[in-house]
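Peer 1: First the structure, which I've put down as structure tokens, then a few questions once you've had a look.
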Amino acid sequence: MKVGIVSYGAYVPRYRITPDEIGKVWGVDGKSMSKGLMINCKSVPSPDEDTITISVEAARNMMRRCSVDPRDIGAIYVGSESHPYAVKPSGTIVAEAIGASPNLTVADYEFACKAGTAAIQTCMGLVGSGMVKYGVAIGADTSQGAPGDALEYSASAGGAAFLIGSEKMIATLDRTYSYTTDTPDFWRREGQMYPRHGGRFTGEPAYFKHVLSGARGLLERVGAEPKDYTYAIFHQPNGKFPTRVAKQLGFSDAQIKTGLLAPTIGNTYSGAVPLGLSAILDEARPGDRIFAVAYGSGAGSDAFDIKVTDEIDKYPRSKAPTVKELDSNLKFLDYATYAKFRGKILLGGE
Amino acid sequence: MATAPRFWRENPSRYNLVGIRCNSCGRYFFPRRAICPICHRKSVGKIEEVKLKGTGKIFSFTEVHDTLEELVLQKPYVVAMVEFDEGPKVTGQVIDCEASELQIGTPVRVTMRKLSEEGPSGIIHYGYKFVPVKEKAP
Ligand SMILES: [Zn+2]
């Protein structure tokens, strides 16, 4: 049975901060940091936003664009590394908020930045096997870097939701391939507020090895070449890594441009590939082929071969905001307001 | 701790704006109630649970400068009385905007945000807030 994306929805908070503004506080040349990372600004959630509210907003945008009865949703998986609760699934609240409760299965996923695509794979299996009619896969994060840490210049917030089914698909998920090893490039221990990372170790043996292996493994299995794809999207901890990995694989700048959001939104972690894929679906046309590779520290990659169907011409995209629309009407913050928003200021009495 | 069950019972209203429609007079009410305050006994058996669309306009609003400890990170913030398209009025926070961007009649739509937290280890309460709706350029 063909399985694919029936609907999708995205959400990004409206607040932004620039690396220059962050660098001023820490005595770092933020402008050259911005150039090096290819990040002009990153999104910042307001104090009343978290992975659950972002997931709900993305899921509601997804439901606005289709006429599927939420009670036909048999599974919801929320992938994130910033679930508000350590114990109590984010998906329970998302399910209630879109009217899918109570006849469904829910679980939260965690695999650094690729938990959202792991959720898509699970839904592919459940829908493909006939266990559920529709499954919802969400990737969302409100990630934090420790004050002054290199991650503070990129860690941002956002997410996207996908309704996976086998009828009226706007894009079919034709093949997926994953590549996983035990690589300690980035981690966060239980109870710790900020993650730690292996500095330069996060590049070659981690991101590049896994993204390249995932991408090549998929191309081999489907017998395709980079030129067979209209769009390509790679996990984007910054703008530099995906641009370099695309070049190494033989994808052009034109192929990755639409899905490359890190320069204006930052690193949305589990939201990154889901948001980039949403930006592509915002403008894709029937017959377009999309190549997507997510990466999660720890480490692994999930690669997807996706084909846009004729159904997308009838699909009411305008019933919810596009990624471009979500990335407009911005409000830029200074570091002090940012620190307050992100709970980096210790309040008296705590 | 004690407030968790009370909040939980109100989740259908807080998450999904579940109210009622009186099928005797056709009026909508929010939150849910057992009988229509206009029709009284005539409404018995004619009360239907409905989910409000979540769109409406600002009926009145104010900017709050002095607030509860849990909202201190958000001040100053805007609280408005919102009149839903179906008729009922509710009070809620209007977010992602400055008071100067709003006026009576500004269209808003509902969104879900954190309302409060019972401390760092307690339950997080989620519910409706409002965001202004940008009119799409014609
Ligand atoms: Zn009545």
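The values are calculated or read from the model by the stated rules, or taken from the named source; none is laboratory data. This one's a predicted model, so the numbers in the text were calculated from it and none came from an experiment. Cβ coordinates were reconstructed from backbone atoms using ideal geometry, including for glycine residues, and neighbour counts include every protein chain displayed. What goes into the accessible areas is simple: the full protein's heavy atoms, side chains included, and nothing from ligands, DNA or RNA. Shrake-Rupley method; radii C 1.70, N 1.55, O 1.52, S 1.80 Å.
Peer 1: Would you check if residue A:299 is more than 14 Å from chain B (Cβ to nearest Cβ) and modelled with pLDDT under 95? Don't jump to the end; show me each part of the working.
Peer 2: Working: more than 14 Å from chain B (Cβ to nearest Cβ): yes; modelled with pLDDT under 95: yes.
The answer is yes for residue A:299.
Peer 1: If the requirement is being over 21 Å from residue A:11 (Cβ atoms), touching a residue at least 24 places away in the same chain (Cβ under 8 Å) and either within 16 Å of the chain's Cα centre (by Cα) or open to solvent by 10 Å² or more (accessible area, probe 1.4 Å) (or both), which of these qualifies: A:116, A:99, A:139, A:128? It would help to see each step written out before you state the result.
Peer 2: Working: A:116 fails: over 21 Å from residue A:11 (Cβ atoms); A:99 fails: over 21 Å from residue A:11 (Cβ atoms); A:139 fails: over 21 Å from residue A:11 (Cβ atoms).
Answer to the selection: A:128.
Peer 1: Okay, next question. Tell me which residues, restricted to the range A:291-350, are of a type in the set (Val, Ile, Thr) and surrounded by 13 or more Cβ atoms within 10 Å (Cβ to Cβ). Even if it seems obvious, please write down each step before you answer.
Peer 2: Narrowing the range A:291-350 to residues of a type in the set (Val, Ile, Thr): A:293, A:306, A:308-309, A:312, A:322-323, A:337, A:345.
The answer is A:293, A:306, A:308, A:309, A:312, A:322, A:323, A:337.
Peer 1: Which of the helices (runs of 4 or more DSSP H) found entirely inside the range A:1-119 contain at least 1 residues meeting this: aromatic (Phe, Trp, Tyr) and modelled with pLDDT under 95? Talk me through it step by step, then tell me what you get.
Peer 2: Working: elements: A:19-26, A:30-37, A:51-64, A:90-97.
Counting at least 1 such residues, we get A:19-26.
Peer 1: To continue, here is another question. Which numbered condition in (1) over 20 Å from residue A:176 (Cβ atoms); (2) of a type in the set (S, T, N, Q); (3) open to solvent by 10 Å² or more (accessible area, probe 1.4 Å) is the only one that residue A:213 fails?
Peer 2: (1)
To keep it simple, each residue is scored yes or no on (1) aliphatic (A, V, I, L, M); (2) within 26 Å of residue A:25 (Cα to Cα); (3) away from chain B (no Cβ under 14 Å).
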| residue | (1), (2), (3) |
| --- | --- |
| A:261 | yes, yes, yes |
| A:272 | yes, no, yes |
| A:282 | no, no, yes |
| A:291 | no, no, yes |
| A:307 | no, no, yes |
| A:321 | no, no, no |
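Peer 1: With respect to residue A:230, determine if the residue is open to solvent by 30 Å² or more (accessible area, probe 1.4 Å) and in contact with a strand residue (DSSP E or B) (Cβ under 6 Å, 6 or more places away or on another chain).
Peer 2: Numbers: open to solvent by 30 Å² or more (accessible area, probe 1.4 Å): yes; in contact with a strand residue (DSSP E or B) (Cβ under 6 Å, 6 or more places away or on another chain): yes.
Against the criterion (open to solvent by 30 Å² or more (accessible area, probe 1.4 Å) and in contact with a strand residue (DSSP E or B) (Cβ under 6 Å, 6 or more places away or on another chain)), residue A:230 qualifies.
Peer 1: How about the range A:13-47: which of its residues are within 13 Å of chain B (Cβ to nearest Cβ), of a type outside the set (S, T, N, Q) and crowded, with 23+ Cβ neighbours inside 10 Å? Lay out the reasoning, then the answer.
Peer 2: Of the residues in the range A:13-47, the ones within 13 Å of chain B (Cβ to nearest Cβ) are A:13-16, A:43-47.
Checking which are of a type outside the set (S, T, N, Q) leaves us with A:13-16, A:44-45, A:47.
Passing the criteria: A:13, A:44, A:45.
Peer 1: Further question: Of all the helices (runs of 4 or more DSSP H) wholly in the range A:256-336, which have at least 3 residues that are touching a residue at least 60 places away in the same chain (Cβ under 8 Å) and of a type outside the set (S, T, N, Q)? Before the answer, list the steps.
Peer 2: Values: elements: A:262-265, A:272-281, A:323-326.
In the range A:256-336, A:262-265, A:272-281 are the helices (runs of 4 or more DSSP H) which contain 3 or more residues that are touching a residue at least 60 places away in the same chain (Cβ under 8 Å) and of a type outside the set (S, T, N, Q).
Peer 1: Let me ask something else. Determine if the range A:147-161 includes at least one residue that is in a loop (DSSP other than H, G, I, E, B) and out of contact with any strand residue (DSSP E or B) (no Cβ under 9 Å at 6 or more places or on another chain). So that I can check it myself, show each step before the final result.
Peer 2: The first filter runs over the range A:147-161 and keeps only residues in a loop (DSSP other than H, G, I, E, B), leaving A:147-149, A:154, A:156.
From what is left, the residues that are out of contact with any strand residue (DSSP E or B) (no Cβ under 9 Å at 6 or more places or on another chain) are A:147-148.
Checked the range A:147-161: at least one residue is in a loop (DSSP other than H, G, I, E, B) and out of contact with any strand residue (DSSP E or B) (no Cβ under 9 Å at 6 or more places or on another chain).
Peer 1: Return the residues of the range B:54-63 that are of a type outside the set (Gly, Ala, Ser) and either away from chain A (no Cβ under 14 Å) or within 12 Å of the ligand (Cβ to nearest atom) (or both); say none if nothing qualifies. Quick ask: steps written out before the conclusion?
Peer 2: In the first step, residues of the range B:54-63 are kept if they are of a type outside the set (Gly, Ala, Ser); the result is B:55, B:57-59, B:61-63.
Result: B:57, B:58, B:59, B:61, B:62, B:63.
Peer 1: Is it the case, given these coordinates, that residue A:261 is under 11 Å from the mean Cα position of the chain (by Cα) and of a type in the set (A, V, I, L, M, F, W, C)? Let's see the steps before the verdict.
Peer 2: Values: under 11 Å from the mean Cα position of the chain (by Cα): yes; of a type in the set (A, V, I, L, M, F, W, C): yes.
So residue A:261 fits the description; yes.
Peer 1: Residue B:116 - would you say it is over 18 Å from the mean Cα position of the chain (by Cα), within 14 Å of another protein chain (Cβ to nearest Cβ), without any contact (Cβ under 8 Å) to a residue 60 or more places away in the chain and away from the ligand (no atom under 16 Å from the Cβ)? Break it down into steps so the answer makes sense when it comes.
Peer 2: Details: over 18 Å from the mean Cα position of the chain (by Cα): no; within 14 Å of another protein chain (Cβ to nearest Cβ): yes; without any contact (Cβ under 8 Å) to a residue 60 or more places away in the chain: yes; away from the ligand (no atom under 16 Å from the Cβ): yes.
When the stated conditions are applied, residue B:116 does not pass them.
Peer 1: Under 8 Å between Cβ atoms, at least 6 apart or on separate chains: pull out the pairs that start in the range A:216-242 with a residue that is more than 18 Å from residue A:301 (Cβ to Cβ) and end on any residue that is assigned to a helix (DSSP H, G or I) and not acidic (Asp, Glu).
Peer 2: A:225/A:219; A:230/A:255; A:239/A:37; A:239/A:262; A:239/A:263
A quick yes/no check of all residues on (1) among the acidic types (Asp, Glu); (2) farther than 30 Å from residue B:134 by Cβ; (3) open to solvent by 80 Å² or more (accessible area, probe 1.4 Å):
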| position | (1), (2), (3) |
| --- | --- |
| B:11 | no, no, no |
| B:16 | no, no, no |
| B:20 | no, yes, no |
| B:27 | no, yes, yes |
| B:34 | no, yes, yes |
| B:39 | no, yes, no |
| B:49 | yes, yes, yes |
| B:55 | no, no, no |
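Peer 1: Checking the structure you have, find out if any residue of the range A:214-226 is assigned to a loop (DSSP other than H, G, I, E, B) and over 14 Å from residue A:292 (Cα atoms).
Peer 2: First, pick out the residues of the range A:214-226 that are assigned to a loop (DSSP other than H, G, I, E, B): A:223-225.
Pick out the ones that are also over 14 Å from residue A:292 (Cα atoms) and you get A:223.
Looking for residues that are assigned to a loop (DSSP other than H, G, I, E, B) and over 14 Å from residue A:292 (Cα atoms), one finds at least one in the range A:214-226, hence yes.
Peer 1: Moving on. Quick one: is residue A:325 within 12 Å of chain B (Cβ to nearest Cβ), among the charged types (D, E, K, R) and under 19 Å from the mean Cα position of the chain (by Cα)?
Peer 2: On the way: within 12 Å of chain B (Cβ to nearest Cβ): yes; among the charged types (D, E, K, R): yes; under 19 Å from the mean Cα position of the chain (by Cα): yes.
In short, yes.
Peer 1: Taking the range B:22-53, which residues are touching a residue at least 24 places away in the same chain (Cβ under 8 Å) and either within 14 Å of chain A (Cβ to nearest Cβ) or near the ligand (Cβ under 9 Å from one of its atoms) (or both)?
Peer 2: Listed by number, the residues that qualify are B:22, B:23, B:27, B:29, B:46, B:47, B:49, B:50, B:51, B:52, B:53.
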